[in-house]
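Take a look at the structure below.
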Amino acid sequence: MTRQDVPTLAATAELAYEGVKKGAYVVSPAKNGAPEALLLATGSEVGLAVKAQEALAAEGIHVSVISMPSWDRFEAQPKSYRDEVLPPAVTKRLAIEMGASLGWERYVGAEGDILAIDRFGASAPGEKIMAEYGFTVDNVVRRTKALLGK
């Protein structure tokens, strides 16, 4: 649950239902079928990741968006499923977490990055705080391109 307005993602009800049971799922695959990078997110951050995916695609950079609502459930899945969601060959990964970064390193790996908040919060209108902490489409695009050396 979240207090901010979040977009409803098209055609994801059945996918989300099955994916949440497994702890993580590909909510929006790369449009060309072969992602250059992965954007990992949970909850309200998934909408931001999808918007960044669209902006990156407009620049010819193809990424997949992964929703990871439950690490415990995801870790309980067979390795084949975990590798399907987080392909080992795709090492450029950005986790987007409006909370602490703790734990994300196991999913982004040595070549990944984490956009998170590792300090005490602040008070202001939501859009202002999100921008201050870097939770904008432009920043996600910039950080993804940096991972890819672009």
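The values are calculated or read from the model by the stated rules, or taken from the named source; none is laboratory data. Bear in mind the structure is a predicted one, so any value in this text is a computation, not a measurement. Virtual Cβ from ideal backbone geometry, glycine too; neighbours counted across all protein chains shown.
Per-structure values
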read-out	value
Extreme residue, surrounded by the most Cβ atoms within 10 Å (Cβ to Cβ), among residues of region 16-58 that are under 17 Å from Asn139 (Cβ atoms) and without any contact (Cβ under 8 Å) to a residue 12 or more places away in the chain	Glu54
Residue check for Ser80: over 17 Å from Arg143 (Cα atoms) and hydroxyl-bearing (Ser, Thr, Tyr)	yes
From Gly109, Gly134, residue being farther than 17 Å from Val46 by Cα, in contact with a strand residue (DSSP E or B) (Cβ under 7 Å, 6 or more places away or on another chain) and either surrounded by fewer than 19 Cβ atoms within 10 Å (Cβ to Cβ) or at pLDDT below 80 (or both)	Gly109
